[in-house]
Amino acid sequence: MENQSIRNRFVTIKDRFNGAPTEADFELLTSSITMDSQSWNGVLVKCLQVSIDPYQLNRMKIYSPSHDSIVLSSSLVPGEIIDAYGVGKVIDSKDPRFQKDDLVVGFLSWAQYTVVENAQYLQRLDSTEFPLSYHLGVLGFSGLTAYAGLFKVGKPKKGDKIFVSAASGSVGSLVGQYAKLFGCYVVGCAGTTKKVALLKEKLGFDDAFNYKEEDNLNLVLKRYFPEGIDIYFDNVGGEMQEAAIANMNSFGRVIVCGVISEYCDPARRMIASNMINIIYKRIIIQGFLAIDYRSDEKFYADFLSTTSTYISTGQLQVLEDISKGLENIPSAFISLFNGRNIGKTIVQVLDD
């Protein structure tokens, strides 16, 4: 394909911003990828499906402490292509590990095509047992986040009482199911009656509630956990985190996966009055990143094997929200913050 030029459409931000995202914050631009031997290296990939994740909002902010933590959370440059996890097909490769037409998963971009120069972030898909989308969600970082967070950070014991916030989301929906399959009592919360019914009727949660219908989160958690909470899988932060800590048992564990309530409103944070509970109940609060466990080959293989078996045997239900068309990435992204999405949010960019 040398000396050819590929027209490439991509989604980017117009400028850095704070607060909730809107359609006006994004634009669809066009560039070209020139296929000559001097202009590119690595692997040219056609983006088939891309993952839509809340952490990207922090990258779009004028400033976030996460910008300085790891490369994958670095600040985005307005007008430039946004890197994101995705599945695609190799169009051309200068890396001997990848051949034309290979299906791959890794860090691609919110674009039709991307050149992956660092192939350590790319993995060939040798199995087509499951839909491609599963490799972005349940068998991708959503599943690994749920599995590692629960078992590596939470360290559950059979019979533990577990509370999961944002339980109908890409991670929470899996955490609850993993915990039930392990033998724990699980209650989740979500923001609509439909989502609550889904948690109980399809995903097998012991119970669930609509937090938007509750005036006092502390009291509602006392009602669902009269004997206290052993593990809280926190996806939201804010007032929910405060109420959960107030209801934790001694030596309880708080797994901090996300603080989505604070992404759009930094004023919504846990208040310091919980520190007494944390001290005297000896509560452990730990944040984590799934990427930390991706390099643990034994654990990662166990995650893939266990999860694949659960899916194949029908023990694990997979929730997905898939939109079609590159131009729908902004609306799919916005849905993460207004409560419209259920399960893993994905955009199908191009057909195979």
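The values are calculated or read from the model by the stated rules, or taken from the named source; none is laboratory data. Model, not experiment: these values are computed from the prediction. Cβ atoms come from the backbone with ideal geometry, glycine included; neighbour counts cover every protein chain shown. Each accessible area value is taken on the protein alone, full model and side chains, heavy atoms only, with ligands, DNA and RNA left out. Shrake-Rupley method; radii C 1.70, N 1.55, O 1.52, S 1.80 Å.
Values as computed for the structure displayed
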read-out: Single condition Ala24 does not satisfy, out of (1) open to solvent by 30 Å² or more (accessible area, probe 1.4 Å); (2) part of a loop (DSSP other than H, G, I, E, B); (3) at pLDDT 95 or above; (4) out of contact with any strand residue (DSSP E or B) (no Cβ under 8 Å at 6 or more places or on another chain); value: (2)
read-out: Unique match (being touching a residue at least 40 places away in the same chain (Cβ under 8 Å), closer than 22 Å to Thr145 by Cβ and open to solvent by less than 30 Å² (accessible area, probe 1.4 Å)) among Leu125, Leu76, Leu132, Leu72; value: Leu76
read-out: Considering residues of the range 113-122 that are surrounded by fewer than 21 Cβ atoms within 10 Å (Cβ to Cβ) and among the polar types (S, T, N, Q) only, the residue farthest from Leu319 (Cα to Cα); value: Asn118
read-out: Failed item, numbered, when Met275 is tested on (1) in contact with a helix residue (DSSP H, G or I) (Cβ under 8 Å, 6 or more places away or on another chain); (2) open to solvent by 60 Å² or more (accessible area, probe 1.4 Å); (3) not charged (D, E, K, R); value: (1)
read-out: Residue in the range 93-109 that is outside any helix (DSSP H, G or I), free of Cβ contacts under 8 Å to residues at least 40 places away in the same chain, open to solvent by less than 30 Å² (accessible area, probe 1.4 Å) and of a type in the set (Val, Ile, Thr) present; value: yes
read-out: Matching helices (runs of 4 or more DSSP H) fully within the range 143-260 where at least 3 residues are open to solvent by 10 Å² or more (accessible area, probe 1.4 Å) and closer than 24 Å to Phe337 by Cα; value: 193-201, 238-246
read-out: Residue selected from the range 46-64 under the condition over 16 Å from the mean Cα position of the chain (by Cα) and either more than 16 Å from Lys89 (Cβ to Cβ) or at pLDDT below 95 (or both), by the criterion surrounded by the most Cβ atoms within 10 Å (Cβ to Cβ); value: Met60
read-out: Positions within the range 68-79 being in contact with a Phe, Trp or Tyr (Cβ under 9 Å, 6 or more places away or on another chain) and either at pLDDT 95 or above or part of a loop (DSSP other than H, G, I, E, B) (or both), in sequence order; value: Ser75
read-out: Residue tally, condition under 16 Å from Gly137 (Cα atoms), touching a Cys at 6+ places or on another chain (Cβ under 7 Å) and among the β-branched types (Val, Ile, Thr), over the range 160-199; value: 1
read-out: Helices (runs of 4 or more DSSP H) contained entirely in the range 264-343, each with at least 2 residues that are of a type outside the set (S, T, N, Q), in contact (Cβ under 8 Å) with a residue 24 or more places away in the chain and more than 30 Å from Phe251 (Cβ to Cβ); value: 297-312, 329-338
